[in-house]
1. Would you confirm, using the coordinates I've provided, whether residue A:98 is modelled with pLDDT of 75 or more and surrounded by fewer than 16 Cβ atoms within 10 Å (Cβ to Cβ)?
2. Kindly provide the set of residues from the range C:357-391 that are in contact (Cβ under 8 Å) with a residue 60 or more places away in the chain and within 30 Å of residue C:494 (Cβ to Cβ), ordered by number.
3. Does residue C:382 qualify as being modelled with pLDDT under 90 and exposed (fewer than 14 other Cβ atoms within 10 Å of the Cβ)?
4. May I ask you to list pairs of residues, at least six apart or on different chains, whose Cβ atoms are under 8 Å apart, with the first in the range C:60-84 being part of a loop (DSSP other than H, G, I, E, B) and the second being among the aromatic types (Phe, Trp, Tyr)?
5. Among the residues of the range B:100-115, are any of a type in the set (D, E, K, R) and either at pLDDT 80 or above or in a helix (DSSP H, G or I) (or both)?
6. Just to be sure I understand, how many residues within the range C:411-421 are in contact (Cβ under 8 Å) with a residue 12 or more places away in the chain and surrounded by fewer than 21 Cβ atoms within 10 Å (Cβ to Cβ)?
7. Which number in (1) among the β-branched types (Val, Ile, Thr); (2) in contact with a Ser or Thr (Cβ under 9 Å, 6 or more places away or on another chain); (3) crowded, with 24+ Cβ neighbours inside 10 Å marks the one condition that residue C:344 misses?
8. Can you name the residue in the range B:91-106 that is within 11 Å of chain A (Cβ to nearest Cβ) and touching a residue at least 12 places away in the same chain (Cβ under 8 Å) and, of all such residues, is farthest from residue B:44 (Cα to Cα)?
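The values are calculated or read from the model by the stated rules, or taken from the named source; none is laboratory data. Being a predicted model, the structure only gives us computed values, none of them experimental. Here Cβ is always computed from backbone atoms with ideal geometry, including for glycine, and neighbour counts include all displayed protein chains.
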Amino acid sequence: MCTSVILKVGARLIVPLSLVFAVYIYFKGHQTPGGGFVAGLVASVALIVHRMSFGSDSLRRMLPISERYFIAIGLTLALGTGFIAFVLGLPFFTSAHGYLHLPTTIGASYDFEWASVMAFDLGVFMVVTGVVVGMIDVLSKEIQ
Amino acid sequence: MNLLIALMVGTLFGASAFLMLDRELKGVCMGVFMLGHGANLAILAVSGSPAGKLPPVLSHGVDIHTFVDPLPQALILTAIVIGFAIQAFLLTMIVITWRRNQTLSLAMLATEEDAH
Amino acid sequence: MTQHQIVLFVVLPMAAGIATTFLHRYRKAQRWVGAGFLIANIVFACKALATVVPNGDILVSQMGNWPAPFGITIAVDTLSALMLTMASIVCFSVFLYCVFQFDRDQQGGFFHPMFHLLILGVQWSFITGDFFNLFVAFEIMLMASYAIFCVGTSRKQMKQAYKYVLLNLVGSTMFVTLLGLIYGQLGTLNMADITRLAMSDQLPKSSIPVIAMMVLVFGGKTAIFPLWYWLPDTYHTLPSAIGGLFAGLLTKVGAYVMIRVFVMMFGTSQAITDVVAPILLVSAGITMFLGVLGAVSMHTVRRILSIHIISQVGYMLMGMGLAIATGIASDIKEMAVAGAIFFIMHNMVVKCCLFLCGGLMVEHAGDDNLEKIGGLLKRAPWLATLFMIAALSLAGLPPLSGFFGKWVLLSAGFQSQHYVVVFFAVLTSLFTLLSMLKIWSYGFWSPSMGKHVDKPERRPTTVGGMWGIAILVIVALSMGLGAQKYYTMCSMAAKSLIDPTNYVKAVLGEQNTPKLAINDMLPETSPKKLVIKSDSYETSGH
């Protein structure tokens, strides 16, 4: 665990910002570069910065569940998305999509395109976050 | 550009071959990681050329010369993910080996093995 | 079984892997869940076989409903269904053995999830219709096998684990580089699409060396002659059950892929078969003979069995080599392919069974060095019986399964006049019998010798393990006694591999399928366009 003050102050700034950025990349990823995988990496970088500056215990308090369950839940989500299409008699992973009219502050409504792939992507997000955070946490414990 | 990538691939493969002949496990593993990067670049070089192939799905009114076949990039991404997992696994193995034997030298590991 | 249900072969083991990860603290629940999934797996595999076999149908499902050369295809034809059935039975028996014979440490950690993920990789390789997915499936399978390799490791096993992991990694890297090259040359990685290109003779000249180099990749995984060096050093350090699982599945996946690639995909392309056939045939002879010589010279049960894997791979190679060397579709070609398929199925079951027997021998005698143990016939008569059946089946004595596999291969060899490889095959068979008799006479038959290691005080409980072995022996016996039935299925599979028109049609649809050109009468085919007209997809919003 690093005790540098600069890192701690920086982390307070970087961590929430990166987490928000991860959410942004996640939503952006449907049509343009981005998506669950990259978002997961960004989120895990944020969590690792937090771990580096405040230590493993603090990270544990921050995460609601052990990161191992992130992996299992994410896989379930990803697999479950495919399975819905399967139950409906379509090929596995067949995606559904549609538009959601969201009101905006400037008057005209914004068409948000949702797709069932997003649930899959959320699963990917969780798997990536769980794997990367878990991996680096375990390995750096060894080094200390 | 292709020549540059080809040179980089060659350098990476050469460096990884050199590293894999190392007497320490650290070097060997670094060599394997580098091999993976070389392979990824090689895929990019041989199959991502904008001249040949187009993306399978296009919409109206786009200039096709500005698009590249995205499949090789998907392949590379998958290969990177797999390589990532393997790196983590190998590093864990190294850590365990170190904890048990306090050495990463292949020669030392070999001499400690009982003769069969 | 409907078309889209074939994805269950991937989904079920994955779900089992996830469930057992969740349950990794509850050992009992983990076992029951695993057993449930594995039984479901067997049921689905049998259902798929029953659907596919009567008419030689091919079940195809396009992931995400994307059309064929662009999306990911999974397909089950007769060959895949046969392999799935055998693999699922082998997995279940090994699972039974592991659950009952392994102690807490060996089943600890994430052994159960890794076991299911290994099955996921194996089954995925059997059903995938896409080259890159084959790579991914291989990687999942190998990654799980690395992890299983390291569960409860001794120092010696760790050293060998490095060898295994590093060599496989280099092989995988080569595979993915070759895939990139193939995509660059052919513009597609869909197996049916590549088959179509090969059938209509549209493979560019420059792609031939790339494709021929595939022999190195798959040969490394299958442990053929110059690339086998990793196998004898690594497998014998494993616990027997894991050795059995690896021997029964991993090398056979390699053999399956070689059949799929070199017989089905490129078997119709003269330029490639000219290069590959001699390599396979020469390597087959050397592989089987040197492998069995190695086995005869060894003194521990596990070492004998693991080197034996190599020698058995030689027979499969021989079948493939004969098939590829015989240019046009003919009875001999069909016989050779069917023989290879039959032999792979037989070998999956019998090899795994022998490894499990070896494991129980260790439980009974405390060691598996043949110079130290003995008298197992009296201590474990049932084990001895089951071992005898499996061993004689491996050696190829009638009326057991090995005999029919070898018979078909040898007669295909005679008819196509490849006498040298036939000679080596017969010689190898003789030595196989010798090495099996060595285990039998030293381990079971000889009286307990004075200097044997201390026996365990009480008799070990081996009922669970015996059930696992018994299942495999029953399957092996049924393959011997009902060889006609199995052979009919194998030759159906062979037929559809030799003339892959139906496979291509099932995956790509009618209009893209060329007729198999015999006598150089090539049909007119337009070069494939990779660009879909944009209006056909515009409506879907992409």
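1. yes
2. Matches in the range C:357-391: C:389, C:390.
3. Criteria met by residue C:382.
4. C:72/C:66; C:77/C:503
5. Yes, there is a match, as at least one residue in the range B:100-115 is of a type in the set (D, E, K, R) and either at pLDDT 80 or above or in a helix (DSSP H, G or I) (or both).
6. Step one: filter the range C:411-421 for residues in contact (Cβ under 8 Å) with a residue 12 or more places away in the chain, giving C:411-413, C:415-416, C:418, C:420-421.
Next, from what is left, pick out any that are surrounded by fewer than 21 Cβ atoms within 10 Å (Cβ to Cβ): C:411, C:415-416, C:420.
Residues flagged as in contact (Cβ under 8 Å) with a residue 12 or more places away in the chain and surrounded by fewer than 21 Cβ atoms within 10 Å (Cβ to Cβ) within the range C:411-421 amount to 4.
7. Failing condition for residue C:344: (2).
8. Going residue by residue through the range B:91-106, those that are within 11 Å of chain A (Cβ to nearest Cβ) are B:91-92, B:94-96, B:98-99.
With the extra rule that they be touching a residue at least 12 places away in the same chain (Cβ under 8 Å), the set shrinks to B:91, B:94.
Values: B:91: 27, B:94: 31 Å.
Looking at the filtered set, the residue picked out is B:94.
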